[in-house]
Every structure is written in structure tokens, then in C-alpha cells.
1. How far apart, in nm, are two points set 7 Å out from the Cα along the Cα-to-Cβ line at residue 169 and at residue 212?
2. Can you sort 38, 28 from fewest to most other Cβ atoms within 10 Å of each residue's own Cβ?
3. What relative contact order, as a whole-number percentage, does segment 22-132 give when Cα pairs under 8 Å and 6 or more residues apart are counted?
4. Kindly identify segment 22-132 as rounded, prolate or oblate by the Cα gyration tensor criterion: order the square roots of the eigenvalues as a ≥ b ≥ c, call it rounded if a/c is under 1.5, otherwise compare a/b with b/c, prolate if a/b is larger, else oblate.
5. List 82, 70 from most exposed to least, where exposure is judged by having the fewest other Cβ atoms within 10 Å.
6. Within 10 Å of each residue's Cβ, count the other Cβ atoms and sort 172, 92 from fewest upward.
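Where a number appears in this text, it was derived from the coordinates with a stated rule and is not lab data. Being a predicted model, the structure only gives us computed values, none of them experimental. In this analysis, Cβ positions are derived from the backbone assuming ideal geometry, glycine residues included, and neighbour counts consider all displayed protein chains.
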């Protein structure tokens with residue numbers, strides 16, 4: 001189950017865009033503390049690489065950017081490690097020498113104390129006709145799509161944190177806790193992301209757990225009966 005994403009109304013005259021294939025989107029994630037990087041097979045495809053042919057890292061990603069944009073991209077990533085998200089139009093150079101225009105979205109992932117523990121992001125390829133400036137309708141549509149992606153990323157981070165809390169609290173597996181979130185969401189009429197935020201806020205001591213959520217968790221995890 002994924003968290004519902006609120007969609008923005010599409011601008012008038014943009015109906016044709018709804019019938020175009022979804023843009024190829026690559027994902028990446030970096031952990032500042034360890035220097036570890038991950039990216040999806042789709043990002044390798046965008047860069048013209050065979051997946052797993054290179055070790056993901058900032059150097060490889062930056063090397064595939066247009067030379068005029070490399071310093072700015074490094075600065076944006078560094079700022080994200082301090083909590084500042086960014087969304088920029090980038091020019092990438094693929095292995096075969098062709099240029100790809102893409103929207104690069106970077107978001108910080110925070111722990112309960114507000115410390116940045118990871119940077120995650122998306123690279124959304126733009127078809128050639130959409131990469132050209134000057135079409136306000138297309139620009140508005142792309143901005144709406146990027147905002148949906150940002151919301152989905154924020155939802156994913158909150159849900160991952162809530163799953164971790166439930167795993168500690170219940171002793172259940174990751175999948176069982178994911179299913180439990182869906183069960184609670186359905187029975188309390190909350191979006192999964194909103195539910196996840198309430199669970200993590202309660203675990204951090206920022207607010208009490210709402211009674212309807214507490215009751216369902218209690219029913220799912222009844223106290224152990226003493227043996228003997």
C-alpha cells in the first residue's frame with residue numbers, strides 16, 4: 001500500500017499530457033554519515049549506464065552533468081545535507097554523448113530530532129518537446145507533477161519511520177507492520193502518511209497517540225499472558 005497523493009488540477013488545455021507515457025524517473029539516496037549511495041536501475045538507464053557497472057556516488061552523478069552545472073549541483077546536495085531541499089532543471093550527458101534534460105529533486109530525510117540522516121531524490125527525464133522553455137501550460141503541468149513527487153517522497157520517509165516504530169513496539173516483521181499501517185488507516189479513515197506522522201510524533205513524545213489508533217494497536221498486540 002502506498003500513501004494517497006493529493007493531485008493538483010491540471011491546467012486547461014493539458015489533456016493531451018495525460019495520455020503521454022509517464023516520464024522515466026530514477027531514484028537516488030545518500031547517507032552523509034557513511035558516504036553510502038544507492039540509485040535505482042532507472043537512474044542508470046537515464047545516464048546510459050549498465051546497472052551495477054559502476055559504484056553509485058556523487059562523483060559519478062556529477063560527472064554526467066553538463067560542466068556548467070556541476071558546481072551548482074554539488075552545492076545543492078551539500079545544502080540538502082543541512083536540511084534545504086531543492087528542485088532544479090539539469091542537463092545530463094549520457095554515456096553515448098547525448099544530452100538529457102531532467103528535473104532533479106533533492107529532499108532531506110530527518111530523524112525525530114530533526115537531524116538530516118539521508119538525502120533522497122529523483123531525476124525525472126523530460127521529453128525533448130517539454131525540455132524547451134516558453135510553454136507556460138507545460139511548465140505548470142511539470143511543476144504540478146514535481147510537487148506530487150515531492151509529496152510522495154515525504155510520505156515515504158514518514159511511513160518508513162512509522163514502520164520502524166511499529167517493529168520495535170510489536171516485534172512484527174516489516175511487512176506485517178506495513179500491513180498494520182494499512183489496517184489502521186482503513187479503520188480510522190486517515191491517510192497512511194498522516195497516520196505515520198501521528199505514530200512517530202507519539203513515539204518521540206511530542207504528542208499522545210490518538211485513542212482510536214491506540215485501541216487498534218492494543219487489539220493487534222494484546223499483552224502477553226503470564227505463564228504458569
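1. Those two pseudo-labels are separated by 1.6 nm.
2. Working: 38 13, 28 20.
In order of increasing Cβ crowding within 10 Å: 38, 28.
3. Details: 204 pairs, mean separation 32.5, N = 111.
Worked out over segment 22-132, it gives 29 percent.
4. Taking the square roots of the gyration eigenvalues as a ≥ b ≥ c, segment 22-132 is prolate.
5. Values: 82 9, 70 15.
In increasing order of surrounding Cβ atoms, one gets 82, 70.
6. So the ranking, lowest neighbour count to highest, is 172, 92.
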